[in-house]
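This report concerns only the one structure given below.
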Ligand SMILES: Nc1ncnc2c1ncn2[C@@H]1O[C@H](COP(=O)(O)OP(=O)(O)OP(=O)(O)O)[C@@H](O)[C@H]1O
Ligand SMILES: [Mg+2]
């Protein structure tokens with residue numbers, strides 16, 4: 001197992017900048033997710049770590065060895081491609097055995113390892129089939145088997161679950177996580193699905209337009225998003241944003257936007273006031289609905305109610321802005337009804353409107 | 001009652017379908033089958049009644065395979081030098097076509113270069129030209145290159161010309177096979193520990209092999225059956241290929257009718273075609289269906 005370190009890595013395809021100045025340190029045995037929207041450079045990053053693409057700038061290290069110029073075959077990585085990329089002319093057995101054969105492993109040892117991996121992934125009865133005769137989920141497990149059988153130092157997974165149906169995806173999420181912890185192999189997992197990243201990874205690297213936005217543990221990303229992009233990308237339903245400014249009145253700080261007025265904790269308010277133009281962010285579960293007056297908060301009218309079973313997403317309108325609120329399903333409200341909403345003060349995020357960065361105080 | 005009605009109608013429809021198939025596909029083929037049947041019967045019969053009906057079994061018509069036969073064309077004619085000529089031409093064409101078209105197909109499929117699309121359209125157009133109109137230009141070209149009237153060199157010249165005519169279409173076919181190999185597959189092999197050469201050897205080659213096989217069969221057969229170019233450019237009788245030889249033997253028929261011998265030779269000449277088409281039907285179908293499905 002190794003540590004993987006990317007230092008100022010950039011990749012250009014002609015004029016297209018796919019990855020810009022990426023710095024990531026992955027710890028030994030860690031499960032890191034690369035998360036971002038389509039086209040943000042996730043696959044490109046993975047292919048650079050695998051050695052398929054050479055970075056235009058920057059270096060890549062496995063432990064302390066500079067592998068930037070090493071061809072893929074000398075890096076001992078295992079990779080599962082987005083398309084699985086199973087060899088169509090070989091049986092499942094030969095697919096899994098292929099990397100081992102290339103390593104000149106003795107036949108008996110190959111056989112032992114292939115069967116061991118097949119048992120682990122429950123594909124023993126498929127060994128004689130060709131990839132064309134397998135379902136998506138089976139192909140995915142074979143691809144994983146091929147990557148694992150060679151006992152790689154680094155495991156690279158490119159959206160391995162995206163071709164599976166919803167139920168199997170949820171099942172495989174847990175299975176993969178368990179497997180990774182059992183094997184202890186350093187893993188980099190690419191996905192554009194934030195739920196996948198949040199549930200599986202030790203740490204998540206959020207990317208957008210080729211740039212790293214934030215690299216931290218899931219709960220940190222969720223509770224202290226570094227900028228507007230991360231705040232909006234992580235969490236479902238997404239965070240509510242309101243543009244406005246912070247003003248001081250009698251030693252108290254308020255966020256104001258038209259008829260919208262929210263009291264802020266003193267420390268946050270002080271920083272916000274220095275900035276002037278800010279964006280307030282609050283998660284749907286950090287808003288509370290009251291039907292009675294007199295408790296403070298902001299007046300709002302119910303817009304749409306989306307029941308989810310256990311919870312409901314209640315869309316309310318405050319002075320023309322729609323906010324989503326996650327509320328228990330027992331709260332019964334009708335569209336058009338007037339209510340009051342309250343912001344949990346400690347759960348309010350402020351972002352600089354110009355740079356999009358989170359305003360923090362220590 | 002209605003159930004019976006429906007059954008009759010289904011039966012009618014089925015019959016109609018069979019009739020259509022017979023009319024469209026079977027009837028036009030009947031004369032061809034009859035001719036082949038006649039050729040086969042003729043080649044094994046000792047006498048011919050009224051010039052049509054074969055009678056009496058004999059192998060003597062096939063004697064050209066093991067002895068020299070005397071014809072007007074050549075007193076002690078042995079077929080094997082001509083077989084060798086034909087094989088030389090056909091194998092040469094196949095070899096050249098496979099060599100060039102597998103590389104061209106790879107380039108057309110895998111490499112991005114300016115005018116790639118235009119080039120592919122042009123290739124298709126090129127294939128549509130009949131080779132007859134090239135005869136004069138080719139004659140001059142072969143002459144200038146010193147490939148005319150020089151024994152095997154001339155046959156080699158024809159081989160190159162013929163291969164040149166086949167290569168465009170063959171490149172297209174092979175390109176289709178390369179198109180079906182995603183980059184991911186090559187990359188997976190690299191990650192699994194292959195060098196560039198091993199990727200080619202273990203992944204790409206096996207996947208395009210059906211295409212290469214089909215192309216080599218097609219070009220072999222087209223070389224084997226080439227008549228016009230050999231007839232036009234080869235002046236040395238020793239270098240005739242089988243189709244040209246048979247042509248000359250037919251011209252001699254009036255003076256010395258040897259029906260049996262000729263039919264046997266004709267059948268012998270079609271043998272490779274029959275063998276290839278009966279053994280590689282699946283392969284040939286795959287060209288049209290296209291794809292590397294495992
Ligand atoms: N071979 C290439 N040539 C030119 N541009 C490329 C190439 N590969 C990727 N790109 C571009 O680089 C950017 C990043 O691509 P990449 O495949 O890494 O995205 P991704 O994050 O994996 O997206 P997805 O979630 O859709 O797979 C995209 O804008 C893409 O168009
Ligand atoms: Mg991708």
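Quick note: the coordinates plus some simple rules give every number you see, no bench work behind them. None of these values were measured; they are calculated from a predicted model. Note that each Cβ is placed from the backbone with ideal geometry, even for glycine, and that neighbours are counted across all protein chains shown.
To test your reading of the geometry: what angle, between 0 and 90 degrees and rounded to tens, separates the Cα axis of helix A:266-275 from the longest principal axis of chain A?
Long axis of A:266-275 versus the principal axis of chain A: about 90 degrees.
In what sequence, highest mean first, do B:157-168, A:342-353 appear when ranked by Cβ atoms within 10 angstrom?
Working: B:157-168: 21.8, A:342-353: 17.2.
Highest mean packing first, the order is B:157-168, A:342-353.
Shape call for the stretch B:3-58 from the C-alpha gyration tensor, a ≥ b ≥ c root eigenvalues: rounded (a/c under 1.5), prolate (a/b greater than b/c) or oblate? Show your work: numbers first, answer last.
Values: a/c = 5.53, a/b = 3.77, b/c = 1.47.
The shape class here is prolate.
Let me test this: with uniform point scatterers at the alpha carbons of the stretch A:212-362, what is the Debye-based log₁₀ I(q)/I(0) at q = 0.15, 0.17, 0.20, 0.21 1/Å?
-0.78, -0.98, -1.28, -1.36
Which order do the peptides B:175-186, B:35-46 take when ranked by the mean count of other beta-carbon atoms within 10 Å per residue, highest first?
On the way: B:175-186: 18.4, B:35-46: 15.3.
Listed from highest to lowest mean packing, they are B:175-186, B:35-46.
Give me log10 I(q)/I(0) at q = 0.08, 0.12 Å⁻¹ for the protein assembly as shown, Debye formula, one equal scatterer per alpha-carbon, no solvent.
After summing over all Cα pairs, the log10 values are -0.85, -1.22.
As a test of the formula, what do you get for chain A when each DSSP H run with n ≥ 4 contributes -39,500 (n - 2.57) and the sum is divided by the residue count, at 222 nm and rounded to the nearest 500 deg cm²/dmol?
On the way: 9 runs with 95 residues, N = 362.
Only helices count here, giving -8000 deg cm²/dmol.
Of the candidates B:91, B:155, B:12, which one comes out as most mobile in a Gaussian network treatment of chain B with C-alpha springs shorter than 10 Å?
Judging by the Gaussian network model, the answer is B:12.
Order of B:59, B:228, A:144 from fewest to most other C-beta atoms within 10 Å?
On the way: B:59 12, B:228 15, A:144 25.
The most exposed by this proxy come first: B:59, B:228, A:144.
May I ask what percent, to the nearest 5, of DSSP beta bridges between residues of chain A are antiparallel? The partial results should precede the final answer.
On the way: 63 of 81 bridges.
About 80 percent, rounded to the nearest 5.
Compare B:83, B:132, B:215 in a GNM of chain B, Cα atoms joined below 10 Å, and give the one with the largest fluctuation.
Of B:83, B:132, B:215, the Gaussian network model singles out B:132 as fluctuating most.
Based on the Cβ-Cβ distance of residue B:40 and residue A:15, what FRET efficiency does E = 1/(1 + (r/R0)^6) give at R0 = 60 Å, to the nearest 0.05?
Numbers: r = 68 Å, r/R0 = 1.14.
For residue B:40 and residue A:15, the calculated efficiency is 0.30.
Within 10 Å of each Cβ in A:79-90, how many Cβ atoms from other chains are there, averaged over the peptide?
Working: counts 6, 2, 7, 1, 5, 3, 11, 4, 9, 10, 9, 4.
Average per residue, whole number: 6.
If you average the C-alpha positions of the stretch B:144-165 and of the stretch B:214-243 separately, how far apart do those two centres end up, in angstrom?
11
What does the highest-first list of A:307-317, A:4-14, A:151-161 look like by mean Cβ count within 10 Å?
Numbers: A:307-317: 15.4, A:4-14: 17.1, A:151-161: 22.2.
Final packing ranking: A:151-161, A:4-14, A:307-317.
For the stretch A:4-233, I need the span (max minus min coordinate) of the C-alpha atoms along each principal axis, in Å, sorted largest to smallest.
Dimensions of the stretch A:4-233 along the principal axes of its Cα atoms: 51, 40, 31 Å.
If you fit an axis through the alpha-carbon atoms of helix A:107-120 and take the longest principal axis of the Cα set of chain A, what angle between them do you get, 0 to 90°, nearest 10?
Value to nearest ten degrees: 30.
First measure r as the distance between the Cβ atoms of residue B:141 and residue B:238, then evaluate 1/(1 + (r/R0)^6) with R0 = 25 Å and state the FRET efficiency to the nearest 0.05. Write out the running numbers ahead of the final one.
Values: r = 24 Å, r/R0 = 0.94.
Step by step, r from the Cβ atoms, then E = 0.60.
Taking Cα atoms, how many degrees apart are the long axis of helix A:92-102 and the longest axis of chain A, rounded to 10 and kept between 0 and 90?
Compared with the principal axis, the helix lies near 70 degrees.
Can you tell which of B:248, B:240, B:82 shows the greatest fluctuation in a Gaussian network model of chain B with Cα springs below 10 Å?
Of B:248, B:240, B:82, the most mobile in the Gaussian network model is B:248.
Taking every DSSP beta bridge with both residues inside the protein assembly as shown, roughly what % is antiparallel (nearest 5)? Could the numbers behind the result be given before it?
Numbers: 68 of 86 bridges.
Of the beta bridges lying entirely in the protein assembly as shown, close to 80 percent run antiparallel.
For a bin width of 5 Å, list the pair-distance distribution of the stretch B:80-285 built from all Cα-Cα distances, rounded to whole %.
1, 7, 13, 15, 16, 14, 12, 9, 6, 4, 2, 1, 0, 0, 0
Determine the calculated [θ] at 222 nm for chain B from helices alone, applying -39500 (n - 2.57) to every DSSP H run no shorter than 4 residues and normalising by the residue count; nearest 500 deg cm²/dmol.
Details: 13 runs with 195 residues, N = 294.
So the calculated ellipticity at 222 nm is -21500 deg cm²/dmol.
Normalised by the residues of chain A, what does the relative contact order come to in percent, with Cα pairs under 8 Å and at least six apart? Present the calculation step by step, with values, prior to reporting the outcome.
On the way: 757 pairs, mean separation 55.3, N = 362.
Dividing the mean separation by the residue count of chain A yields 15 percent.
Averaged over its residues, how many other protein chain Cβ atoms are within 10 Å of peptide B:177-190's Cβ atoms?
Details: counts 0, 0, 0, 1, 1, 3, 5, 9, 7, 2, 9, 17, 7, 8.
Partner Cβ neighbours, averaged per residue: 5.
Residues of B:201-210, mean number of Cβ from any other protein chain within 10 Å of their own Cβ, rounded to a whole number? Mind showing how you got there, number by number?
Values: counts 0, 6, 6, 0, 1, 4, 3, 0, 1, 1.
Rounded to a whole number, the mean comes out at 2.
For a Förster distance of 45 Å, can you work out the FRET efficiency between the beta-carbons of residue A:129 and residue B:273, rounded to the nearest 0.05? Could you put the intermediate results ahead of the total?
On the way: r = 37 Å, r/R0 = 0.81.
Step by step, r from the Cβ atoms, then E = 0.75.
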